[in-house]
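The values are calculated or read from the model by the stated rules, or taken from the named source; none is laboratory data. Keep in mind the model is a prediction, meaning the values are calculated, not measured. Cβ sites come from the backbone with ideal geometry, for glycine too, and all protein chains shown count toward neighbours.
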């Protein structure tokens, strides 16, 4: 290996060492879908992580919402509508349909 | 009180239907008519509340009733059109309408808190009665899968309405 090549290699290694230690899995946020149907929220995904996204899909003919108790998200969903929210904090996030408060669930974000 | 008598009449109409044997079970066109009528009557009650009540929680409840029952009835109309079913008037629908007319007339003479209390208590009783009929008679009797599914969604919705009405009614005890 030439001196020039060795210097380039050392430079690249130095740059790599400066990058934050991030695992490949954590670097890729995932997107999940929660379907609302027959006046019920569908199953809540397990092992949610901060940065993941939820697509709320209202397949009812009624208007619903997905409203977080801690105000971290609030999407209004007309019949057939869908909306995306990104989970920007970890912990247990209780959510409810503000039009039908009996419809509720909890997202557990790691 | 005459209002109570009207409620008991409505309950009796649907209780009678609930006791009918298989041979007397309502047909799909009759079920569609009963469900649509029940929804329309609650829309009318909600509109009456919106015209007379100044209470924030009562008005929010009434708006919910008008919005949700209209959505269910729109869906029901689209379904019967798709299925080429003509809703068939029947004794239960007539009885429900008669009882609701009597209740609406009585409520029209009340104002303020007296109106709010009577309206919301009627909503509790009405949803309890209709939900019992849906669960015990209308859903089990429905033959068409799409009609049955719509009624099941309706029952989930109306249980939610009943719980909401009970919650609002507690403030008027």
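What to note about this one:
- Leading residue by the ranking (nearest to residue B:28 (Cα to Cα)) among those in the range B:141-152 that are touching a helix residue (DSSP H, G or I) at 6+ places or on another chain (Cβ under 9 Å) and without any contact (Cβ under 8 Å) to a residue 40 or more places away in the chain: B:148
- Residues being surrounded by 14 or more Cβ atoms within 10 Å (Cβ to Cβ) and over 14 Å from the mean Cα position of the chain (by Cα) - total across the range B:90-104: 2
- Residues (more than 14 Å from chain A (Cβ to nearest Cβ), closer than 22 Å to residue B:127 by Cα and either in contact with a helix residue (DSSP H, G or I) (Cβ under 9 Å, 6 or more places away or on another chain) or touching a residue at least 24 places away in the same chain (Cβ under 8 Å) (or both)) located in the range B:55-87: B:55, B:58, B:59, B:87
- Candidate set: the range A:84-103, residues that are modelled with pLDDT of 95 or more and farther than 15 Å from residue A:31 by Cα; chosen: the one nearest to the other protein chains (Cβ to nearest Cβ): A:97
- In the range B:157-173, the qualifying residues are those that are under 13 Å from residue A:100 (Cα atoms) and surrounded by fewer than 16 Cβ atoms within 10 Å (Cβ to Cβ), and the one that is farthest from the other protein chains (Cβ to nearest Cβ) is B:167.
- Answer from A:53, A:83, A:69 - the residue that is more than 14 Å from the chain's Cα centre (by Cα), farther than 22 Å from residue B:69 by Cα and in contact (Cβ under 8 Å) with a residue 24 or more places away in the chain: A:69
Here is a yes/no grid of residues against (1) assigned to a helix (DSSP H, G or I); (2) surrounded by 14 or more Cβ atoms within 10 Å (Cβ to Cβ); (3) on the phi > 0 side of the Ramachandran plot; (4) at pLDDT below 60:
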position: A:10; (1), (2), (3), (4): yes, no, no, yes
position: A:13; (1), (2), (3), (4): yes, no, no, yes
position: A:16; (1), (2), (3), (4): yes, no, no, yes
position: A:24; (1), (2), (3), (4): no, no, no, yes
position: A:51; (1), (2), (3), (4): no, yes, yes, no
position: A:62; (1), (2), (3), (4): no, yes, no, no
position: A:72; (1), (2), (3), (4): no, yes, no, no
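- Test: residue in the range B:108-117 that is closer than 19 Å to residue B:38 by Cα, surrounded by fewer than 22 Cβ atoms within 10 Å (Cβ to Cβ) and touching a helix residue (DSSP H, G or I) at 6+ places or on another chain (Cβ under 9 Å): no
- Residue match in the range B:129-149 (condition: within 11 Å of chain A (Cβ to nearest Cβ), assigned to a helix (DSSP H, G or I) and within 21 Å of residue A:97 (Cβ to Cβ)): yes
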